[in-house]
Structures are given as C-alpha cells and as structure tokens.
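Below: the structure, in structure tokens.
The values are calculated or read from the model by the stated rules, or taken from the named source; none is laboratory data. The structure presented is a predicted model; accordingly, all values stated were derived computationally and were not measured. Cβ: placed from backbone, ideal geometry, glycine included. Neighbour counts: every protein chain shown. The accessibility values were calculated without ligands, DNA or RNA, using every heavy atom of the protein model including side chains. Shrake-Rupley method; radii C 1.70, N 1.55, O 1.52, S 1.80 Å.
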Amino acid sequence: MSAESTPEPGHRGKGRRRKPRSTRRKALLATAWAAAGVVVLGGAGAGYVYFKLNGNLTSIDINQLLGAHRPAKGATGSENILVLGSDTRAGANRRLGGGAADSGARADTAMIVHVHKGHKKATVVSIPRDTLIDRPACADTKGNTYPAAQGVMFNSAYATGGAPCAVKTVESLTGLRMDHYLEVDFTGFQRLIDDLGGVPVTTTRAIHDPQSHLNLPAGTHTLDGTQALGLVRTRHGVGDGSDLGRIQLQQAFVKALMDRVKDIGVLSNPKRLYDLADTATRSVTTDSDLGSVNSLADFAGGLKGIKSSHVQMVTMPVRYDPADPNRVLLEPGKAAQVWKALKEDRQVPATATADAATGRAGKVIGTPRG
C-alpha cells in the first residue's frame, strides 16, 4: 500500500483542505459505482446468453473463508451487498489509474447496498476510505493471517487481506452480515458507460480539475466512459476538495446511471444487451453465491423494480480528524442509528447524518430530468 493510503505518524495539519493525491488512485472512486451499475444492469443483461458468459466471472467463497462467527442473516427478507472498487494496476487498469504498476490492489471506495424487503427500494451507505477504524484480525484467500490493528484507515483492510478482510471489517464495523460481495475495476466502469452510449448529467456549475482531467462547463452533458471516470474521480474541483465531496458526486452519478438504463430499453437491442452483459461479467468479482451468470441474473433480475427515486444515498457519519485533516473519524452515536435502521429494514433517519461532515458537493450534479 502506498504511503498516501496509510496515516503518516507525526503528520498533522490545520484547516479542511485535503492534500493532493497522486493520479494513480483517482479512478478507484469510480469503480464501486460501476458495481452498482452491474447490479442494475444484471437484470437486463446478465441473463442473456448466460451460458456463453459464465467463463467471464471470478468468484470468492466468502462464507467459507469467514466461517461461522459472523452476524446473523437478516430476518426481514432484505439483503446487504458490499460493493468495492479495486485499483489493481494490471493490464489496461494501469493506463486508467495512472502511476506505476505494482502487484497490489486497494479498495478506496466502499458501499453497503441495502436492498429492502420486496426489492422495490434500496439504501446505499458510502464508507469514506480515510476513516480511521479498528480492523479485526483476518485472513486472505491464500490462508495468510493478519493481526488486528487499531486506528488504521478503512481502505487498509482490503490492501491487507483482500476481499475476506474487507468483508470482515465491514461486518465488525456495522454488526450487519454482508449477504453478497461485488468488486469492480477501472476498465469495467469505463466500458459499461460506453456500452450504454453515455450517461446524461447536469452540472450546476463548471468543473475544472486537471488532476482528474475533467473540464465540464455548467449545463447538461452526455458523458462517455472517459468523462464519467473523470467525474467520479474529481475532488479538487468541487466542494471542500475532500473525498467526502467526491462521494457526493458518485451518489448523484449512480442515480443518473440508473435512469439511463431505464431510458434506453436495453432489452430491445440484442447487440447492446450482449455487450453490456459481456462487459459486466468480465468486470466483476463476486461471492460464490453469485458466481455464475445464472445466479447473478436471478439476483439482479429481482432488482429491476428499484427506481432511482427509490434509492436513499447516505454517507457513513464522520467528522474531520482534528489531529489530521487528511483523515476522518466515525461518529459512533450517529453511525449506530444507520446500522440499526438497516438491521430493521428501515430508511436511515435524517438525525443520523445531521451535522456530519459532507464535503459540500451535494448539489453540483443533477440529472436532466425535470
């Protein structure tokens, strides 16, 4: 893991601005939204010629790796999906991610997608990568074990032990069982957007960020894959320049992505349908329960009734670390309200996020809808 992804002993700062980070990790913040797109697209695309696409999928047996000592499954019929973005530098991802190639990967974006009973609405909780947490002892897919660690960045869990460690950390943090796991890479995000023919968004102000290579005037745009990647990478051109602001852009973009899928009617276009299915299945790593196209299609097909207007987007309540403005700290009382609401299959109450740090980019992106 790079030095930028771990707290630097002795480093302290003042104010609310974040230090610029290298471009090699910028695109990661896009990839989790691609996974949300996979969930949306799967019901329309993954079932098409599934027997031809099965070989695209990679899966991890999370249940076997974590064993029996986990939170109980929810009794309401709701489900929790942990969605992570992987910033591996393998293949084409190096070009999109920037920076030097290395053998490791990180997950700087994480979302808990809670699908409510009946699969007509969902709540998405973004977990800021810079949150300082206590990570439990965990093991990776090769059986290597890692001791517990205190006061480390949330995204260090994936860097330490991969998907099993990330899932165990989220379950320890929330007390919620993750029923499924989805992981996506850079190229998958870009190709999904291009296969869709772009995604329309409206910017309420100009966004100029040379670090994410984004230059958008205020107004309505149909973003191609490269532009969409730049949008959800950007943080210096909006709000307070923090990752919290970038999360707000992502939350707005995923709603625009859902609307795009509904609008274009992919079922009526076999070529587009196949392209989407092929891209989606090549882009994701799943838990073993979703490790076949048939299973993924059945699961995602049950989500087709969820409209963007029925998705609640929130960020795990945090505050800026007064000792280091490059880190954030959990607001335990408010976070407890979030986890309780999900456990009881309710929407997150407004009191849970009131007065928490936001990033001040919540109104920068909208959709072209009236």
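Data table
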{"read-out": "Rounded accessible area per residue of the range 292-370, 1.4 Å, Å²", "value": "46 Å²"}
{"read-out": "Over 26 Å (Cα to Cα) - which of K117/K168; K142/K168; K142/K304 fall in this group", "value": "K142/K304"}
{"read-out": "Residues of type aspartates and glutamates that K255 reaches as a straight line, Cα spacing below 13 Å, ignoring anything fewer than 8 places off in the same chain", "value": "D263"}
{"read-out": "Spin-label pair K271/A350, simplified geometry with 7 Å Cα→Cβ offset, distance in nm", "value": "4.9 nm"}
{"read-out": "Alpha-carbon spread of the range 137-212, three principal axes, descending order, Å", "value": "45, 27, 24"}
{"read-out": "Hydrodynamic radius of the range 213-370 per Kirkwood, over alpha carbon pairs, in Å", "value": "18.3 Å"}
{"read-out": "Alpha carbon convex hull of the range 175-244, projected area averaged over orientations, nm²", "value": "6.4 nm²"}
{"read-out": "Peptides ranked, highest mean first, by Cβ atoms within 10 Å: ranges 210-220, 72-82", "value": "72-82, 210-220"}
{"read-out": "Percentage relative contact order, the range 147-272, counting C-alpha pairs under 8 Å, at least six apart", "value": "18 percent"}
{"read-out": "Additional length obtainable on full extension of the chain from D263 to D134, 0.36 nm per residue less Cα span", "value": "42.1 nm"}
{"read-out": "Förster radius 22 Å - calculated FRET efficiency between K142 and N56 (Cβ-Cβ, nearest 0.05)", "value": "0.40"}
{"read-out": "Solvent-accessible area, 1.4 Å probe, carbon plus sulfur percent, for the range 139-261", "value": "47 percent"}
{"read-out": "Proximal aspartates and glutamates relative to K271, as straight alpha-carbon distance under 13 Å, when same-chain residues fewer than 8 apart are discounted", "value": "D195"}
{"read-out": "Rounded percent of accessible protein surface that carbon and sulfur make up, the range 271-367, 1.4 Å probe", "value": "50 percent"}
{"read-out": "Coarse-grained scattering of the range 208-296 at q = 0.12, 0.16, 0.20 Å⁻¹, given as base-10 log I(q)/I(0) from a Debye sum over alpha-carbon atoms", "value": "-0.52, -0.84, -1.06"}
{"read-out": "J(HN,Hα) series, the range 117-127, from Karplus relation 6.51 cos²θ - 1.76 cosθ + 1.60, nearest Hz, glycine and proline x", "value": "3, x, 6, 10, 8, 8, 10, 10, 10, 7, 10"}
